[in-house]
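Structure first, then comments.
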Amino acid sequence: YKKININEIDFKFFTSDNMNSEVSIKGQESFIEQSIKNIIDNAISFSRSKDLIIINLSSTLNYLSLSISDQGPGINEPMVEKIFERFYSLRDSEEQSKDTHSGLGLNIAKQIIDSHDGYISANNILEDNVIIGARFIINLPINR
């Protein structure tokens with residue numbers, strides 16, 4: 001794995017053992033890059049100084065999978081799918097007004113992934129039934 005620090009937030013990058021060979025996906029590179037950037041920006045925005053963001057890349061026979069995990073407050077459980085709606089934000093209105101988050105980043109990421117025949121999901125990371133962060137998983141079909 002590789003570890004870097006950006007703005008007091010540690011990032012750890014992992015690839016699974018099955019990623020020894022080159023894997024390609026079919027699609028518009030700049031759009032896929034934008035969707036991943038949106039998810040990482042979201043993780044950063046909910047992270048505090050000294051938090052850790054873990055990025056893991058793996059593959060199955062048919063999909064390339066990228067998971068991005070943070071140590072933020074997690075997702076309000078009944079609203080997991082709602083976070084991908086346009087203008088939806090988990091931030092309260094006071095925090096939204098002083099911040100630059102429009103509530104579009106996750107929606108754009110989902111639209112891009114969907115248009116590439118992939119799928120994106122989100123869930124909470126739990127430890128002893130306590131939310132300790134959120135995990136976003138992007139799956140994109142492997143080009144054969």
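The values are calculated or read from the model by the stated rules, or taken from the named source; none is laboratory data. Since we're looking at a predicted model, the values are computed, not measured. Because the Cβ atoms are built from the backbone with ideal geometry, glycine has one as well, and the counts that use them run over all protein chains shown. For accessibility, only protein heavy atoms count, side chains too; no ligands or nucleic acids. Shrake-Rupley method; radii C 1.70, N 1.55, O 1.52, S 1.80 Å.
Key figures for this structure:
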| item | result |
| --- | --- |
| Any chance residue 65 is touching a strand residue (DSSP E or B) at 6+ places or on another chain (Cβ under 6 Å) and either of a type outside the set (A, V, I, L, M) or at pLDDT below 80 (or both) | yes |
| Residue within the range 83-91 that is touching a His at 6+ places or on another chain (Cβ under 9 Å), of a type in the set (Ser, Thr, Tyr), at pLDDT 75 or above and part of a helix (DSSP H, G or I) present | no |
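Yes/no per residue for (1) assigned to a helix (DSSP H, G or I); (2) open to solvent by less than 20 Å² (accessible area, probe 1.4 Å); (3) in contact (Cβ under 8 Å) with a residue 24 or more places away in the chain:
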{"residue": "35", "(1), (2), (3)": "yes, yes, yes"}
{"residue": "44", "(1), (2), (3)": "yes, no, yes"}
{"residue": "50", "(1), (2), (3)": "no, no, yes"}
{"residue": "54", "(1), (2), (3)": "no, no, yes"}
{"residue": "68", "(1), (2), (3)": "no, yes, yes"}
{"residue": "73", "(1), (2), (3)": "no, no, yes"}
